[in-house]
Amino acid sequence: MHPQNRKVEVNIPTFDPTGDLHAQIIMAYITMQQMQRQGRREEALGYAFFIGQLIETVTTTSAQRTACRNLLTKYYATVVERAYYIFKQ
């Protein structure tokens with residue numbers, strides 16, 4: 001069986017600078033898990049990228065990055081970081 005080449009469009013959420021960073025990460029994390037349970041893998045990957053982007057670009061210190069990564073399981077902390085670096089432009 002060959003993988004199908006298909007165009008997939010995923011809407012990635014945007015960061016709200018007026019909102020709490022930790023709250024945005026937690027909400028995106030919950031949504032990502034829901035997408036996975038529903039079999040919506042592409043959308044889950046979009047949320048993984050978004051969370052990784054928040055952690056890697058919005059935080060300014062390693063202590064902030066660590067605090068944000070600690071909101072996730074160790075597995076997902078690794079997943080979102082890898083997703084961000086694979087898909088960043």
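Laid out as a table, the results:
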read-out	value
At most 10 other Cβ within 10 Å, DSSP loop - GluC sites (Glu not before Pro), the range 1-73	Glu9
Of the trypsin sites (Lys or Arg not before Pro) in the range 1-73, those whose Cβ has at most 11 other Cβ within 10 Å and which sit in DSSP loop	Arg6, Lys7
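Computed from the coordinates by the stated procedures, all read-outs in this text should not be read as laboratory data. What you see is a predicted model, and the numbers here were worked out from it, not measured in a lab. Quick reminder, even Gly has a Cβ in these numbers, built from the backbone with ideal geometry, and neighbours come from all protein chains shown.
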